[in-house]
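One structure below.
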Amino acid sequence: MKEHNKASAWFDDLYKRHENNHDNIPWARQDVNPLLQTYLADEKEHKGKALVIGCGLGDDAYALDNAGYDVVAIDVSQTALDLAQKRFSDSKINFEKQDIFDMPKKYYENFDFVFEALTIQSLPVEFREKMINAVVDTVAKDGKLLIVAHQHTGNNDGPPWPLTHDDISLFLIHGMQELSFELINETSGISNTKFRVLYVKS
């Protein structure tokens, strides 16, 4: 088993243990991420293909589906995907099990909007740049990417492993241009600040 597979194997175990009580899954708010909802409310037009990376129980994918996108939602956990499919069986979302380190060629520059929240920070920092590059590769030319992540404060030993400003700058190095950058204050046991960054691929 590859090292990144070992690092992510616990996700499916967690979903299996709590598939009948989603309240015990720490990141599963069972509602659309409010920092995605802000984007959906602010933008006038939503069309084309969207990708949700690390979709979990599917709420963000469902919000994008309702907004008007053709949505692909991926996760490494088949249990999470099965739960999401059951919860949103009335949607047109295509739930797929995918390894972010082994994305299919059909994903390359394929999506007009990509949403990644808290997935990159879920794996150790040695995988960080490879994950960021994989995310960027899915964004179509002129497509947008919205990133949500906890900010590293110097006291975060992981898991998870919050992102630093240098990590955020890697998106620029790998071909994205910054449209907006926000630091969101909130109370959290991980970090009291989140990055919310919107990019476009030129």
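Some notes on this structure:
- Percent carbon-and-sulfur accessible area, the range 114-202, ignoring ligands, DNA and RNA, probe 1.4 Å: 48 percent
- Solvent-accessible area of K47 with every protein chain in place, 1.4 Å probe, in Å² to the nearest 10: 130 Å²
- For the range 57-127, trypsin sites (Lys or Arg not before Pro) are listed when DSSP marks them as loop and at most 14 other Cβ atoms sit within 10 Å of their Cβ; the list is K92.
- Sparse-neighbour loop sites [GluC sites (Glu not before Pro); the range 168-199; at most 15 other C-beta within 10 Å; DSSP]: E186
- Normalised per residue, the accessible area of the range 123-202 is 47 Å², obtained with a 1.4 Å probe and no contribution from ligands, DNA or RNA.
- Applying a threshold of 29 Å to the alpha-carbon distances of K44/K130; K105/K194; K144/K194; K86/K201 flags K44/K130; K105/K194; K86/K201 as lying beyond it.
- Cα gyration tensor shape for the range 42-146, rounded if a/c is under 1.5, else prolate or oblate: oblate
The values are calculated or read from the model by the stated rules, or taken from the named source; none is laboratory data. What you see is a predicted model; the values in this text were computed from it and never measured. For neighbour counting, all protein chains shown are included, and Cβ atoms are generated from backbone atoms with ideal geometry for every residue, glycine included. Remember, those area values only see protein heavy atoms, side chains included, never the ligands or the DNA or RNA. Shrake-Rupley method; radii C 1.70, N 1.55, O 1.52, S 1.80 Å.
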